[in-house]
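The values are calculated or read from the model by the stated rules, or taken from the named source; none is laboratory data. As the structure is a computational prediction, the values presented were derived from the model and not from experiment. Cβ: placed from backbone, ideal geometry, glycine included. Neighbour counts: every protein chain shown.
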Ligand SMILES: *Cc1c(COP(=O)(O)O)cnc(C)c1O
């Protein structure tokens, strides 16, 4: 039996049919420029963008004028961090983040470090969780921004955002969260979380690639990242990606309307994979938490005596798409910064596999993976001199 199984939903998701249908009219008859208000076809686009902004705002408990569309999740993160750093530079130059953030956040912080800012990269515990007390202890009078992701894309850790936002509020420091992995996988409400800024990306919840949004709470000052025209109330230039925005609105509407049932379905598949792998494969380790602070769709294991890349190649031959870390990091041979941050030694971090399920993952697919994976690991281990030693000892 051969199947095609997609288990890389933390990297991207399929575009839903309803989402594509919502987008198509803005590529065909409604092709107007949303900033051209002097004729009907432009106004149609403008009014549509307003409605889509409302939909996105409603989905996360924001006001319509607090949503700014961007070209990606990476752009939203870059804008949040660089925009605050620039707007508040007379107040201070210190930023607090964590060692397990997405590269969009880490790269923005590293860029700022080269330009006179100071960044504290907080450590995490063995499950990838940041301690709110560490956030508080890192605050100085120069701190202008705290940025901590809502949920980790590699090992699924959900961070204590509410607790951190209370600390940020007490110290009057702006708090941004990268919620790209959270939408569609957990409840996201900007007031419940207590954040000032929040990044999202459509393609992580069955929307189109190349469109994201940044929630900016009213009253937060931010400099532009992209300069040019007056779009997005003068804060983000570029002709509105009306079809992309239509897709994001439809996708977030569906994700929020079916959140509970989708979460239950994904959690069921996730747990079957975790249990099945633990039962079938020795010398493995589940990375990330095993409780309710784990993202409902994320599975991440380290297998001793094997290379993650080799597992991926052999899974691919069986038609299974998975990841050994974050998609941005693959292609490099460095082990994932997240796995190193939770304390894994290099050789164990190298033998890691992420399986991220989707709302449409079936029991049949899970069974297929649980059948395919153990012989792959066993075959790869047979090539390892280290494993040979282990077998001899036992
Ligand atoms: C995918 C991802 C991003 C980047 O979003 P893009 O739209 O692909 O640029 C940022 N942060 C996290 C946590 C992600 O998983």
Listed by range, helices (runs of 4 or more DSSP H) wholly within segment 334-394 having at least 1 residues that are closer than 23 Å to residue 294 by Cα, in contact with a strand residue (DSSP E or B) (Cβ under 8 Å, 6 or more places away or on another chain) and modelled with pLDDT under 95 are 346-350
Limited to segment 22-56, what total is found for residues that are buried (at least 17 other Cβ atoms within 10 Å of the Cβ) and either closer than 16 Å to residue 211 by Cβ or in contact with a strand residue (DSSP E or B) (Cβ under 9 Å, 6 or more places away or on another chain) (or both)? 11
Modelled with pLDDT of 95 or more, over 21 Å from residue 12 (Cα atoms) and in contact with a strand residue (DSSP E or B) (Cβ under 9 Å, 6 or more places away or on another chain) - does that describe any residue in segment 240-255? yes
What residue, among those in segment 71-102 that are under 23 Å from residue 131 (Cβ atoms) and under 13 Å from the mean Cα position of the chain (by Cα), is surrounded by the fewest Cβ atoms within 10 Å (Cβ to Cβ)? 102
Let me spell it out: the conditions are (1) away from the ligand (no atom under 16 Å from the Cβ); (2) within 21 Å of residue 167 (Cα to Cα), and residue 117 meets all of them except one. Which number is the exception? (2)
